[in-house]
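A short worksheet on the structure shown next.
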Amino acid sequence: MTTFVDRVELHVAAGNGGHGCASVHREKFKPLGGPDGGNGGRGGDVILVVDQSVTTLLDYHHSPHRKATNGKPGEGGNRSGKDGQDLVLPVPDGTVVLDRGGNVLADLVGEGTTYVAAEGGRGGLGNAALASARRKAPGFALLGEPGRGGDVVLELKTVADVALVGYPSAGKSSLISVLSAAKPKIADYPFTTLVPNLGVVTAGSTVYTIADVPGLIPGASQGRGLGLEFLRHVERCSVLVHVLDTATLESDRDPVTDLDVIEEELTQYGGLDNRPRIVVLNKIDVPDGKDLAEIIRPDLEKRGYRVFEASAVAHMGLKELSFALAEIIAKSRADKPKEEATRIVIRPKAVDDAGFTVSLEDDGLYRVRGEKPERWVRQTDFSNDEAVGYLADRLSRLGVEEQLMKAGARSGDGVAIGPEDDAVVFDWEPTMMAGAEMLGRRGEDHRLEAPRPAAQRRRDRDAERDEAQRAYDEFDPF
């Protein structure tokens, strides 16, 4: 059964925003009391957050589809819809978020670090929020904006100070078990270690973490064996420790050749040339291993390596190795630049930046791209003529119609707002009518300005009485 997963493809979808409500207040003796439609709620976000208690991506391997909740629609009586609940997904420390093309979107290191993988849609405005002095009774509301979604790749890169690398059965798991409190699986056959093991080591005043990476073999950087799956776990380490088996039973292997092979694989993988190296000649408790270690040690030291002889079984040379690693790690931590407080950078919008672009494509179609016009299109109910007219007014005020004219667009030309795979296409008519002019100016309802029926009847009766009195006064029978 799979118990450790360090790479998954996650399909995330944020919640949709709730639709705004188009409603008119109704109360006894107050017909057409004005618009009172509430706004829709915001859709929930999908948020990745680092949780130290999580060590694997196994949950997302079994359930890769995750969706936040939608916002609730608005209601009459100026009642706004409830916001959707954010979906918080815990991930291990050291998780890298990539898109499907392999581009890094976020590197999540440190407890509580967050990344919004999918942003929830905005809620639509109700007709109460759309009312103005010129538009007293909007007969429409804005739709909720769809939540964003897509596919992201999560890769776990172990956050450790020391990485033990070497051939299978070189004794890496045995070393980490005696240097720390980790309890990895140990057996006398290759590829016993199938997942990285982490341990915490205390050497004097320095505390550091050490990782046992599954055994590497020739071709590991190209995916042979388990290498490509776990080489990423050595990328964050401060020091690499080559664990060489001095008591191998394979006649075609020797520690120096093993070292050259592993170094070649690390070079092919890339990005690890600047890491300091330490060589551990392991299994010196075996007589032949001790003799071989004494023979090859001078050659390794001539290459510039710091060499330690050790035995995990006999607990030999472990203290010297532990303090040497602590010294390198302490120096590495001291050399790291201090983190500066986050600076807030304000980038004012350029005066001539309209926030959208108009381009003529090869097929003669004019395409409008920009955050505002694309969002307005998504929030428009095209089955409502008044809503379409409101969209036309907004685009005109933004300057879209003017830019279309400058680009050479003529009446009847095709115009698309949005990307190619999700655009609204229409035949452009300058200052086109919305079809709601029978109500007067867009968004106005003259019924609200008409006198109330009872008052009108009283005025009619008063006018008739005045007319009768005037006729009587003018009548002279003599």
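Read-outs: derived from the displayed coordinates by stated rules, not from any lab. Owing to the predicted nature of the structure, the values given are computational and were not obtained by experimental measurement. Cβ coordinates were reconstructed from backbone atoms using ideal geometry, including for glycine residues, and neighbour counts include every protein chain displayed.
Here are the numbers:
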read-out: Two-site FRET efficiency, LYS336 against ASP59, from Cβ-Cβ distance with R₀ of 30 Å, rounded to 0.05; value: 0.35
read-out: Ranked by how many other beta carbons lie within 10 Å on average, peptides 123-132, 319-328 from highest; value: 123-132, 319-328
read-out: Pair ARG397, PHE382: separation of 7 Å Cα→Cβ label points (nm); value: 2.3 nm
read-out: Cβ-Cβ FRET estimate between LEU105 and ASP421, R0 fixed at 22 Å, reported to 0.05; value: 0.60
read-out: Trypsin sites (Lys or Arg not before Pro) restricted to region 98-148 and DSSP loop, no more than 13 other C-beta within 10 Å; value: ARG100, ARG134
read-out: Net +/- balance of residues flanking SER80 in space, Cβ distance below 14 Å, scoring K and R +1, D and E -1; value: +2
read-out: Environment charge of LEU105, counting only residues whose C-beta is closer than 14 Å and scoring Lys/Arg +1, Asp/Glu -1; value: -4
read-out: For region 1-86, radius of gyration divided by Kirkwood radius, i.e. Rg to Rh on alpha-carbons; value: 1.33
read-out: Within region 1-95, percent of DSSP bridges classed antiparallel, to nearest 5; value: 25 percent
read-out: Extension gain (nm, one decimal) between VAL49 and ARG465, 0.36 nm per residue minus Cα-Cα; value: 141.8 nm
read-out: Within-10-Å neighbourhood charge of TRP428 [Cβ basis; K, R +1; D, E -1]; value: -3
read-out: Inter-site label distance for GLU9 and ARG369 at 7 Å from Cα along Cβ, in nm; value: 2.5 nm
read-out: Distance (nanometres) between label positions extended 7 Å along Cα→Cβ at LEU360 and ARG306; value: 6.9 nm
read-out: Stretchable slack from SER132 to GLU294, in nm (0.36 nm times residue separation minus alpha-carbon distance); value: 49.3 nm
